[in-house]
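Each remark here refers to the structure printed beneath this line.
The values are calculated or read from the model by the stated rules, or taken from the named source; none is laboratory data. Here the structure is a predicted model, which means the values were calculated and not measured. Cβ atoms come from the backbone with ideal geometry, glycine included; neighbour counts cover every protein chain shown. Just the protein is used for accessible areas: all its heavy atoms, side chains included, with ligands, DNA and RNA removed. Shrake-Rupley method; radii C 1.70, N 1.55, O 1.52, S 1.80 Å.
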Amino acid sequence: MYVLTSALTFSGGEDVAHTLQAHGRAVLVGETTRGGAHPTDRHAVSEHVLVAVPAARTISTVTGGNWEGVGVVPDIAVPADQALDAALKAARAAAGS
């Protein structure tokens, strides 16, 4: 399975990509993701100001870490606009065609 990522992939999308990659279930193709692993709670400081405070820490049972601040690094690094073509090329090569 190939999963496409970009610099805009964030939070839940990163969790899916990281988990599939860590378990060897997918090859990630594209760009390193944005790096948002910790769920946050938002607190109103005033009528127009909210503060986001980390409320939990995501820890992979496989890697013992997460992607907070660094993102999920793809197996095949290419610009996002080339990720689909690179994934198709890799899939064809893996299939022997």
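Residues that are without any contact (Cβ under 8 Å) to a residue 60 or more places away in the chain and in contact with a strand residue (DSSP E or B) (Cβ under 8 Å, 6 or more places away or on another chain) within the range 43-72 comprise His43, Ala44, Val45, Leu50, Val51, Ala52, Val53, Pro54, Ala55, listed in sequence order. Within the bounds of the range 58-75, is there any residue that is under 9 Å from the mean Cα position of the chain (by Cα), surrounded by fewer than 17 Cβ atoms within 10 Å (Cβ to Cβ), at pLDDT 95 or above and not basic (Lys, Arg)? Yes, the range 58-75 has at least one match. Suppose we keep only residues that are of a type in the set (S, T, N, Q) and closer than 23 Å to Arg92 by Cα within the range 2-31. Which one would you say is least open to solvent (accessible area, probe 1.4 Å)? Filtering first and then ranking leaves Thr5. Here the range 32-42 is the region considered, the condition is being at pLDDT below 95 and out of contact with any strand residue (DSSP E or B) (no Cβ under 8 Å at 6 or more places or on another chain), and the residue that is nearest to Ala90 (Cα to Cα) is Gly35.
Counting only strands (runs of 3 or more DSSP E) that fall entirely inside the range 1-88 and contain at least 1 residues that are in contact with a helix residue (DSSP H, G or I) (Cβ under 7 Å, 6 or more places away or on another chain), the qualifying elements are 2-5, 27-30.
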